[in-house]
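Structure, as structure tokens:
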Amino acid sequence: FFQSVIGLDGHEVVAETSAVVTPKGDHWGLIFEIDRVEAYKFVDEATTTAIVELTFTGILLGLIGWMSVRGVMKRIETLTGELNEIASENYSNTITGQDKKDEIGY
């Protein structure tokens, strides 16, 4: 297997050689070649598609992570403000989110 050689028409090709023995016992050598651009077209397209898909997936995961963290941080900031009110001896405010059954609302 030869990855990059010059073919019979002068263009860069991918080539393969094989030895063949004919029924009469003659030994022949075969050379198979395909234009390098044609041979690697699928690989180039697959690489481009993979890069686009990975970029899209990364952006999507980043947005999902950002939204998740933002939601939790917003609730923690609200709770921090309410706890500061309690620390200031203002007991008239109700702490929001007590009905939620998670780490913050119990």
Matching residues, segment 80-106, being modelled with pLDDT of 85 or more and either touching a Lys or Arg at 6+ places or on another chain (Cβ under 6 Å) or in a helix (DSSP H, G or I) (or both):
Thr80, Gly81, Glu82, Leu83, Asn84, Glu85, Ile86, Ala87
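Quick one: would you say Ala39 is of a type in the set (A, V, I, L, M), within 30 Å of Phe2 (Cα to Cα), in a helix (DSSP H, G or I) and in contact with a strand residue (DSSP E or B) (Cβ under 7 Å, 6 or more places away or on another chain)? Show your work before the answer.
Values: of a type in the set (A, V, I, L, M): yes; within 30 Å of Phe2 (Cα to Cα): yes; in a helix (DSSP H, G or I): yes; in contact with a strand residue (DSSP E or B) (Cβ under 7 Å, 6 or more places away or on another chain): yes.
Yes, satisfied.
Take Ser68 and decide whether it is open to solvent by 90 Å² or more (accessible area, probe 1.4 Å) and out of contact with any Cys (no Cβ under 7 Å at 6 or more places or on another chain). Step through it out loud before you land on a result.
Numbers: open to solvent by 90 Å² or more (accessible area, probe 1.4 Å): no; out of contact with any Cys (no Cβ under 7 Å at 6 or more places or on another chain): yes.
Criteria not met by Ser68.
Residues are listed down the side, and each one gets a yes or a no for (1) more than 22 Å from Phe2 (Cα to Cα); (2) surrounded by 10 or more Cβ atoms within 10 Å (Cβ to Cβ); (3) under 36 Å from the mean Cα position of the chain (by Cα):
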{"residue": "Val20", "(1), (2), (3)": "no, no, no"}
{"residue": "Ile31", "(1), (2), (3)": "no, yes, no"}
{"residue": "Thr47", "(1), (2), (3)": "no, yes, yes"}
{"residue": "Leu60", "(1), (2), (3)": "yes, yes, yes"}
{"residue": "Glu85", "(1), (2), (3)": "yes, yes, no"}
{"residue": "Asn90", "(1), (2), (3)": "yes, yes, no"}
{"residue": "Lys101", "(1), (2), (3)": "yes, no, yes"}
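The values are calculated or read from the model by the stated rules, or taken from the named source; none is laboratory data. Note that the structure is a prediction, hence the values are computed from the model and not measured. Backbone-built Cβ (ideal geometry, glycine too); neighbour counts: all protein chains shown. Heads up: the accessible areas ignore ligands, DNA and RNA and are worked out on the full protein's heavy atoms, side chains in. Shrake-Rupley method; radii C 1.70, N 1.55, O 1.52, S 1.80 Å.
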